Amino acid sequence: MKKHLALLLALGMTLGLGACSSPSATTPTPAPSADTTVSAAPVETQDKALDIMFVVTGSLGGGNNVDDVKAALDEYVATYGGSVQTFECNMDTSVYQAQLETAAEDEKYDLIVTGFSTMVEPLCNTAKEFPDQKFFLFDAAVDFTSGDYPNVISAQARGNEGGFLAGALAALMTESADAERANADKKIGFVGGLESTAILDFMFGYVEGAKYVDPEIEVLYSFVGNQNDSALTQEIARSQNQSGADVIFAATNSDLAVADVALENDFYAICCDADEAARIAESNVDEANHILTSVIKDYKGMVAPMLIQIGEGTAQWGQHTYIRYSEGGVTVPQNEWFSNQVPASVLADYEAIVADMEAGKIDVSTAYGAGADVIDSFKELASSK
């Protein structure tokens, strides 16, 4: 394997942060939340008790990442005391800032928690307006270089590192003579939902992981334009497969749409955000056996340590924290469906790369803070042979 790529080094990327822009026009304030409140008597001590408002961009109860965040919040108050109240925005961006402002105006929450890149600007605007209110943003980065947000903490797992391992695995599989579904082309695929910073971060890693194995691997890429269009996701996956991609990474809520096409046309899928093979194996074992693995951000693990620091008073406010693969920020499961499909010859090379990642020997470029020129460079790199 060619492990040192001059082309990658020439990009000269450094880790960056998503910027907050100036306050926008005021949005009408919604009525106070009528959603659930969870509180518990502390098991250990009241010293660390926190009254928390969780402003959910989407909705709870779907078995997705915000449910993992809610579990972390509930476990915290069950251990240390306090309460958790939630407000579900149901993906209505027009109420994001308004609900943050409503929660801050109440002056009864020790901490307001919210997440994702779509909340960066609303949160920054609100944090400036309410400097005495503490905010925690997960899975997105605030630009703290100006020193304007001393009442905010942000944290995210390095999805690019999980993407890197997915790209390395895909490259090893497409080049393996022992991989049953691999073809003769040195091509793999990437289907993103939105062309957002978070999805591009996966793509940056995926491209670098593939090129780490072999710079001649070509990465076919496309973006659906939203996270939930299964039909268009399937159409793109079919097109990439027909163009020679025999492994396709789906970084979208519609990742199982790619797995559907993988079963239909007999190639490999890599999914996102949940261990999809394990999730569907009971109902569709054949499709599960077309999913190599999934790239999974650990949202509970992302939030829980930050709550501990906030509660005990050791949190470094006005700072961003990256949680590396080696720290459990992202996982790439090697389960029974992985074992069913990955040949021993591929496994040995892949595990060597995983070991290097765990040891911190691999630096992966990030889309956070990347300008249009850097993004264009990665797209060009993906298509290069």
query: Under 8 Å by Cβ, and 6 or more places apart or on different chains, what pairs join a residue from the stretch 224-252 that is in contact (Cβ under 8 Å) with a residue 40 or more places away in the chain and among the hydroxyl-bearing types (Ser, Thr, Tyr) with one that is open to solvent by 40 Å² or more (accessible area, probe 1.4 Å) and not in a loop (DSSP other than H, G, I, E, B)?
result: Ser243/Lys187
- request: Out of Phe116, Phe87, Phe54, report the one residue that is under 24 Å from Val152 (Cα atoms), touching a Ser or Thr at 6+ places or on another chain (Cβ under 7 Å), modelled with pLDDT under 95 and among the aromatic types (Phe, Trp, Tyr).
  value: Phe116
message: Taking the criterion of being part of a helix (DSSP H, G or I), polar (S, T, N, Q), more than 20 Å from Phe338 (Cβ to Cβ) and at pLDDT 95 or above, would at least one residue in the stretch 186-200 satisfy it?
response: no
- line: Taking the stretch 241-261 and keeping residues polar (S, T, N, Q) and either open to solvent by less than 10 Å² (accessible area, probe 1.4 Å) or farther than 17 Å from Ala210 by Cβ (or both) leaves Gln242, Thr252, Asn253, Ser254
- prompt: With respect to the numbered conditions (1) out of contact with any strand residue (DSSP E or B) (no Cβ under 6 Å at 6 or more places or on another chain); (2) farther than 22 Å from Asn253 by Cβ, which one is the sole condition not fulfilled by Gln85?
  reply: (1)
statement: Of Phe144, Phe190, the only residue that is of a type in the set (Phe, Trp, Tyr) and open to solvent by 10 Å² or more (accessible area, probe 1.4 Å) is Phe144
- line: Per the list (1) closer than 25 Å to Glu195 by Cβ; (2) of a type in the set (Ser, Thr, Tyr); (3) open to solvent by 10 Å² or more (accessible area, probe 1.4 Å), residue check on Tyr109 breaks on (1)
statement: Going through the stretch 58-72 in order, the residues found to be part of a loop (DSSP other than H, G, I, E, B), exposed (fewer than 15 other Cβ atoms within 10 Å of the Cβ) and more than 16 Å from the chain's Cα centre (by Cα) are Gly61, Gly62
Which listed residue, of Asp214, Asp185, is more than 23 Å from Ile296 (Cβ to Cβ) and touching a Gly at 6+ places or on another chain (Cβ under 6 Å): Asp185
message: If the requirement is being in contact (Cβ under 8 Å) with a residue 24 or more places away in the chain and part of a helix (DSSP H, G or I), which of these qualifies: Phe144, Phe204?
response: Phe204
query: Which condition does Gly162 not pass, out of (1) at pLDDT 95 or above; (2) not in a helix (DSSP H, G or I), if it passes all the others?
result: (2)
- request: Search the stretch 74-91 for residues that are touching a residue at least 24 places away in the same chain (Cβ under 8 Å) and outside any helix (DSSP H, G or I) and pair each with any residue that is among the polar types (S, T, N, Q) and open to solvent by 40 Å² or more (accessible area, probe 1.4 Å) when their beta-carbon atoms are under 6 Å apart and the residues are at least 6 apart or on different chains.
  value: Gly81/Gln46; Ser83/Thr37; Ser83/Ser39; Gln85/Thr37; Thr86/Thr36; Glu88/Ser59; Asn90/Ser59
message: I'd like to know if the stretch 284-297 contains one or more residues that are among the charged types (D, E, K, R), part of a loop (DSSP other than H, G, I, E, B), touching a strand residue (DSSP E or B) at 6+ places or on another chain (Cβ under 7 Å) and at pLDDT below 95.
response: no
statement: Flagged in the stretch 333-367 as in contact with a Gly (Cβ under 7 Å, 6 or more places away or on another chain) and at pLDDT below 95, in numbering order, are Thr366
field: Tyr268 vs. criteria open to solvent by 10 Å² or more (accessible area, probe 1.4 Å), touching a Ser or Thr at 6+ places or on another chain (Cβ under 9 Å) and of a type in the set (Phe, Trp, Tyr)
entry: no
task: Evaluate the following for Pro131: is it assigned to a loop (DSSP other than H, G, I, E, B) and either touching a residue at least 60 places away in the same chain (Cβ under 8 Å) or under 28 Å from Ala259 (Cα atoms) (or both)?
output: no
- request: Output the residues belonging to the stretch 322-372 that are surrounded by fewer than 15 Cβ atoms within 10 Å (Cβ to Cβ) and either within 25 Å of Ala288 (Cβ to Cβ) or β-branched (Val, Ile, Thr) (or both).
  value: Gly328, Glu336, Ser339, Asn340, Ala344, Ser345, Ala348, Glu351
field: Of residues in the stretch 214-240 being hydrophobic (A, V, I, L, M, F, W, C) and surrounded by fewer than 24 Cβ atoms within 10 Å (Cβ to Cβ), the one nearest to Ser176 (Cα to Cα)
entry: Leu220
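The values are calculated or read from the model by the stated rules, or taken from the named source; none is laboratory data. Since this is a predicted model, take the numbers as computed values, not measurements. Note that we place each Cβ from the backbone using ideal geometry, even for glycine, and neighbour counts take in every protein chain shown. Each accessible area value is taken on the protein alone, full model and side chains, heavy atoms only, with ligands, DNA and RNA left out. Shrake-Rupley method; radii C 1.70, N 1.55, O 1.52, S 1.80 Å.
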